[in-house]
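Notes for the one structure printed next.
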Amino acid sequence: MTDPAKAAFRAVDEMSPSELRRRTVDGRGVADIRLLQVEDGPGRGQRLLVVRNARGIGLEIAVDRGFDISGATWRGINIGWNSANGMPWPPHPVDAEDGVGFYRNFDGFIATCGLDHIGGARRDDGAHYIHKHRRQVFYPLHGRISSQRAVLSGYGIDWSADGPVIWAEGVIRQSAVFGENLVLTRRITLDVYGKTIHISDRVENQGYRPTPHAILYHINFGHPFLNESTQISGDVCLDKAMAFNTEEKRPDNDYRDYYEDIPITASGKTATVTLTSETPAGELRVRLCYPREELPAFGIWRAFQSGVYALSIEPARRFDPQGAHANGSVTLQAGDVVKYNIVIALGPVNSDA
């Protein structure tokens, strides 16, 4: 970008709302958010919020699939991961196929797992629900929240803020009669002139029985951001990071399909994990920041098989069925609330743009 172009862009960044309206009367020249409906294919009928900002970040928010971020691009470069499933709607039952129905729905940049279970399908004691047909509880792979439809609270662009933001908020309930009643309130914001995505989550037990709580942010990367040049750095164990950085990341490594816990080395309240890759638009960086105390577990999932070719970084809070409170395990009593704040920044490595 030439110096005059940079100066012009900085001027736009610094304009008051009234000055901006002289150039783009409704602001769509620099940012937009629209509610659309998919009209064809596996996802026909579901609602999407389609977002773009002035720095070239584009998002799709799947309103009817857990209010997750199903798509992410930067200046036209795909960041997230796409499976053959195509975000089906309605989603397939997650309890099907011995609890691995999740695999028939799995798709997109972020898939939230939980809210009462993450990990493999299993059965556990259900006596805390105090009902003759709830002596056991079945937990499907990665829980049920990502297949639930949201109530859309609102969306728009706040031009009056000191730093204008695009925002969207939804409420997602995971419930069963004589079972859990967990409510996730999610607010997603994207700076109009910046590179930062904020995900603010509030989980409340609106039931009247103690309920286990677990959550995992399945943050998925695919081609072309994911390629042989992809590197990991930040507050991760150096030995693990170096092993990942030197391994082959070809899409024909059919033997590399596994999840691995990665120790986080940060001493403060926030952990930072960074991925960098060479892309058609230059070297691109994705930086994740999240709260260590609330999300004490972290791992990497690699699936480099041909036709899948996915990488995921996964901050999480696990639940210990034995009742131990080590590593952040919690049971939510009636009315209990927990909060999470995830920050993801997208931008070129050699610039703050």
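Our estimate of slack between PHE178 and PHE138, defined as 0.36 nm per intervening residue step minus the Cα-Cα distance, is 13.1 nm. By the helix-only formula, in which each DSSP H run with n ≥ 4 contributes -39500 (n - 2.57) and the sum is divided by residues, the chain has a 222 nm mean residue ellipticity of -2500 deg cm²/dmol.
Here the Kirkwood formula, the inverse mean of 1/r across different C-alpha pairs, assigns the stretch 89-131 a hydrodynamic radius of 12.2 Å. Were the residues from ALA161 through ASP32 laid out at 0.36 nm apart, the gain over their Cα-Cα distance would be 44.9 nm. Among the GluC sites (Glu not before Pro) found in the stretch 261-296, those both in a DSSP coil and sparsely packed, with 10 or fewer other Cβ atoms within 10 Å of their Cβ, are GLU293.
Shape analysis of the chain based on the Cα gyration tensor places the equivalent ellipsoid semi-axes at 34, 25, 20 Å, largest first. The packing ranking, built from the mean of other Cβ atoms within 10 Å per residue, places the peptides 100-107, 131-138 in the order 100-107, 131-138, highest first. Each peptide among 305-313, 197-205 gets the average number of other Cβ atoms lying within 10 Å of its residues, and from highest to lowest they stand as 197-205, 305-313. Loop-located trypsin sites (Lys or Arg not before Pro) in the stretch 231-307 (DSSP state other than H, G, I, E, B) with a sparse environment of at most 11 neighbouring Cβ atoms within 10 Å: LYS269.
On the beta carbon distance between ARG44 and GLN305, with R0 = 30 Å, the FRET formula returns roughly 0.60. Here each label is just a point 7 Å from Cα along the line to Cβ, and for TYR103 and VAL171 those points are 3.6 nm apart. Residue ranges 178-189, 53-64, 157-168 sort as 53-64, 178-189, 157-168 when ordered by packing (mean number of other C-beta atoms within 10 Å per residue, highest first). What angle, in degrees between 0 and 90 and rounded to the nearest 10, separates the Cα long axis of helix 3-14 from the longest principal axis of the Cα atoms of the chain? Around 50 degrees separate the two axes. Compared with the direct C-alpha span, the chain from SER18 to TYR259 gains 81.7 nm at full extension, assuming 0.36 nm per residue. Pairwise Cα separations in the stretch 222-353 fall into 5 Å bins from 0 onward with the following percentages, short to long: 2, 9, 17, 20, 18, 14, 9, 6, 3, 1, 0.
Taken together, the values in this text are just the output of simple stated rules run on the coordinates, not laboratory data. Just so it is clear, the structure is predicted and the values come from calculations on it, not from any experiment. Neighbour counts are summed over all protein chains in view; Cβ atoms, including those assigned to glycine, are modelled from backbone coordinates with ideal geometry.
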